[in-house]
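Colleague: Quick one: this structure, given as structure tokens, is what I'll be asking you about.
The values are calculated or read from the model by the stated rules, or taken from the named source; none is laboratory data. Because the structure is predicted, anything quoted here is derived from the model rather than measured. In this analysis, Cβ positions are derived from the backbone assuming ideal geometry, glycine residues included, and neighbour counts consider all displayed protein chains.
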Amino acid sequence: MAKETTFEHICDILREQDGITGELTPETSFEEIGLDSLSIVEAVMACEGDFDIEIDAEANPKTIGEFVSLVDGLVAQKG
């Protein structure tokens, strides 16, 4: 079985936590899928735990793709 991508993993978190249905793309904005700031914070915390990273509280990704890039960058820095 292929390893899940960061994008797929983050989409799974959003679906599980917030009941998001329908197609998600890197261009999908959090606003489009109705996520409020609390939902975004919960997704960030889940990703921090799953990927063993710390996301800067000042980071403000607007789309799933921006969030994936942020997570991938932090994972790469961690080595």
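Colleague: Residues of region 48-67 being modelled with pLDDT of 95 or more, of a type in the set (A, V, I, L, M) and out of contact with any Ser or Thr (no Cβ under 9 Å at 6 or more places or on another chain), which ones?
Modeller: I53, I55
Colleague: Can you tell me which of (1) at pLDDT below 90; (2) loosely packed, with under 12 Cβ neighbours inside 10 Å is the one T25 doesn't meet?
Modeller: Unmet for T25, out of (1) at pLDDT below 90; (2) loosely packed, with under 12 Cβ neighbours inside 10 Å: (1).
Colleague: In region 19-55, what residues are among the acidic types (D, E) and closer than 18 Å to T6 by Cα?
Modeller: Initially, region 19-55 is screened for residues among the acidic types (D, E), giving 23, 27, 31-32, 36, 42, 48, 50, 52, 54.
E23, E27, E42, E48, D50, D52, E54 - these are the residues of region 19-55 that are among the acidic types (D, E) and closer than 18 Å to T6 by Cα.
Colleague: Can you tell me which of (1) over 24 Å from E23 (Cα atoms); (2) surrounded by 14 or more Cβ atoms within 10 Å (Cβ to Cβ) is the one A57 doesn't meet?
Modeller: Condition not satisfied by A57: (2).
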